[in-house]
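Take a look at the structure below.
The values are calculated or read from the model by the stated rules, or taken from the named source; none is laboratory data. On a predicted model such as this, the values are computed, not experimentally measured, just so you know. When we count neighbours, we look across all protein chains shown, and the Cβ atoms used for this are built from the backbone with ideal geometry, even at glycine.
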Amino acid sequence: MVTLRSVIVGAGSYLPERTLTNAELATMVDTTDDWIVQRTGIRERHIAADGELTSDLGIKAARAALADAGLAPHDIDLIVCATSTPDNTFPATAVSIQSGLGITAGFAFDLQAVCSGFVYGLGTVDGLLRTGLAKRALLIGAETFSRILDWTDRTTCVLFGDGAGAVVIEAQEQPGAMTDRGILTTHLRSDGRHKMKLYVDGGPSSTQTVGHLRMEGKEVFKHAVSMITDVIKDAFRATGYTARDLDWFVPHQANRRIIDGSVIKLGLDPAKVIITVDKHGNTSAASIPLALCAGIADGRIKKGDLVMFEAMGGGFTWGASLVRM
Ligand code: ACO
């Protein structure tokens with residue numbers, strides 16, 4: 001039976017020019033390259049320039065995704081920007097990206113699910129495309145976490161970076177089988193009981209300030225692997241696929257040890273895992289599309305490949321999406 005599927009037809013990314021190495025961080029807080037590499041796998045991250053906004057990063061990633069898809073801005077009728085570091089409290093960063101691209105039709109909004117934003121975005125865009133509310137979407141993960149870090153707190157400031165990644169997703173008729181191209185299944189979860197384990201200590205209605213990121217790192221670590229693997233197993237159950245069927249695993253890039261723990265628990269082949277956390281740090285909602293673009297750019301991820309995306313982040317929120325490219 002013919003089915004409308006949401007197919008990724010282009011991807012693009014952008015990283016700010018400036019990189020910040022662990023050695024430089026060691027001159028700012030009491031830390032070492034060894035400690036950061038051993039505990040997280042991170043070696044460097046990119047930091048947005050003064051005046052470079054989340055929307056600026058998002059626009060560059062979106063342009064690259066459109067070029068990859070061979071499409072023009074006016075071909076897009078939906079923009080979803082997953083971000084926790086918007087330019088302003090409102091309007092949505094997505095509408096700034098919309099105007100930056102010169103798009104005046106369709107609709108644009110932000111999605112806030114912290115590090116799970118891109119996977120939540122895949123589920124949201126899939127729903128909107130399949131119900132006919134839009135035909136072709138830009139899903140962007142864009143973040144400037146450097147702006148909400150406490151640069152005197154060594155337990156958090158070493159972990160994050162800035163960047164943006166985008167995909168163009170198009171509604172296409174497919175045969176209606178698990179061999180279809182497109183988003184095959186998405187599973188999203190949240191549990192607000194954990195909301196104070198990873199949060200920002202400010203906001204319009206509480207402090208009228210932006211605030212800084214605070215985290216109980218051990219608590220996040222303790223829950224991460226089981227939450228991620230649970231939701232991936234849901235995606236396997238829904239499609240009949242198993243770990244052996246995956247061509248690529250594109251996880252949220254928070255911490256190398258969380259990724260390795262998930263890979264072992266799921267019995268995945270480590271050679272099929274895309275890793276960028278060493279070069280990007282944790283770019284929150286941008287990390288998955290940045291990793292996807294890295295895998296496409298060097299020829300590993302190809303059209304027709306079966307790819308598992310997963311993320312877990314503040315809230316806690318978590319989710320997984322199984323996509324045939
Ligand atoms: N450099 C040197 N020492 C440090 C640093 C640092 N940057 N940060 C903390 N330490 C010290 C601590 O003060 C502590 O010292 P003490 O023993 O004298 O008290 C020691 O290192 C151990 O600290 P722990 O917090 O126990 O270190 P742990 O092994 O748990 O590693 C880490 C910390 C890396 C944050 C880990 O808990 C983790 O990876 N948690 C997951 C957090 C994460 O990935 N968050 C991202 C956002 S959520 C997401 O995207 C999934």
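Restricting the search to region 221-258, which residues are more than 16 Å from the ligand (Cβ to nearest atom) and closer than 15 Å to GLY319 by Cα? Working first, answer last.
At the first step, the residues of region 221-258 found to be more than 16 Å from the ligand (Cβ to nearest atom) are 233-248.
Answer for region 221-258, where residues must be more than 16 Å from the ligand (Cβ to nearest atom) and closer than 15 Å to GLY319 by Cα: LYS233, ASP234, ALA235, PHE236, ARG237, ALA238.
May I ask you to list the residues in region 231-261 that are part of a loop (DSSP other than H, G, I, E, B) and hydroxyl-bearing (Ser, Thr, Tyr)?
We begin by selecting, within region 231-261, every residue part of a loop (DSSP other than H, G, I, E, B); these are 240-242, 246-247, 252-255.
TYR241, THR242 - these are the residues of region 231-261 that are part of a loop (DSSP other than H, G, I, E, B) and hydroxyl-bearing (Ser, Thr, Tyr).
Quickly run through region 170-209 and pick out the residues that are in contact with a strand residue (DSSP E or B) (Cβ under 6 Å, 6 or more places away or on another chain), among the small types (Gly, Ala, Ser) and not in a strand (DSSP E or B).
GLY176, GLY202
Take the conditions within 16 Å of the ligand (Cβ to nearest atom), surrounded by fewer than 20 Cβ atoms within 10 Å (Cβ to Cβ) and on the phi < 0 side of the Ramachandran plot and apply them to LYS265. Does it pass? Walk me through how you get there before you give the answer.
Values: within 16 Å of the ligand (Cβ to nearest atom): yes; surrounded by fewer than 20 Cβ atoms within 10 Å (Cβ to Cβ): yes; on the phi < 0 side of the Ramachandran plot: yes.
So LYS265 passes the test.
Given ILE264, ILE275, which one is part of a loop (DSSP other than H, G, I, E, B), farther than 27 Å from PRO86 by Cβ and not charged (D, E, K, R)? Steps first, answer last, please.
On the way: ILE264 fails: part of a loop (DSSP other than H, G, I, E, B).
None of the others qualify; the one that does is ILE275.
Do we find that ALA171 is under 19 Å from the mean Cα position of the chain (by Cα) and away from the ligand (no atom under 15 Å from the Cβ) in this structure? Talk me through it step by step, then tell me what you get.
Values: under 19 Å from the mean Cα position of the chain (by Cα): no; away from the ligand (no atom under 15 Å from the Cβ): yes.
Taking the combined requirement at face value, the residue does not satisfy it.
Mind checking which residues of region 293-318 are assigned to a loop (DSSP other than H, G, I, E, B) and closer than 21 Å to THR242 by Cβ?
If we filter region 293-318 for residues that are assigned to a loop (DSSP other than H, G, I, E, B), which is where we start, we get 298-305, 314-316.
Passing the criteria: ARG300, ILE301, LYS302, GLY304, ASP305.
Considering region 212-239 alone, what residues qualify as being modelled with pLDDT of 95 or more, charged (D, E, K, R) and within 26 Å of HIS187 (Cβ to Cβ)?
Passing the criteria: GLU216, ASP230, LYS233, ASP234, ARG237.
Show me the strands (runs of 3 or more DSSP E) found entirely inside region 1-113 where at least 2 residues are away from the ligand (no atom under 16 Å from the Cβ) and in contact (Cβ under 8 Å) with a residue 60 or more places away in the chain. Before you say what the answer is, go through the steps one by one.
On the way: elements: 3-14, 18-21, 44-47, 78-82, 107-111.
Here the list reads 3-14, 44-47, 78-82.
Kindly indicate which of SER287, SER321 is in contact (Cβ under 8 Å) with a residue 40 or more places away in the chain, part of a strand (DSSP E or B) and either of a type in the set (Ser, Thr, Tyr) or surrounded by fewer than 16 Cβ atoms within 10 Å (Cβ to Cβ) (or both). Write out each step before concluding.
Details: SER287 fails: part of a strand (DSSP E or B).
Exactly one residue qualifies, and that residue is SER321.
With THR209, THR276 as the choices, which residue is more than 23 Å from VAL7 (Cβ to Cβ), modelled with pLDDT of 95 or more, of a type in the set (S, T, N, Q) and more than 14 Å from the ligand (Cβ to nearest atom)? Spell out the reasoning first.
Details: THR276 fails: more than 14 Å from the ligand (Cβ to nearest atom).
None of the other options fit; the residue is THR209.
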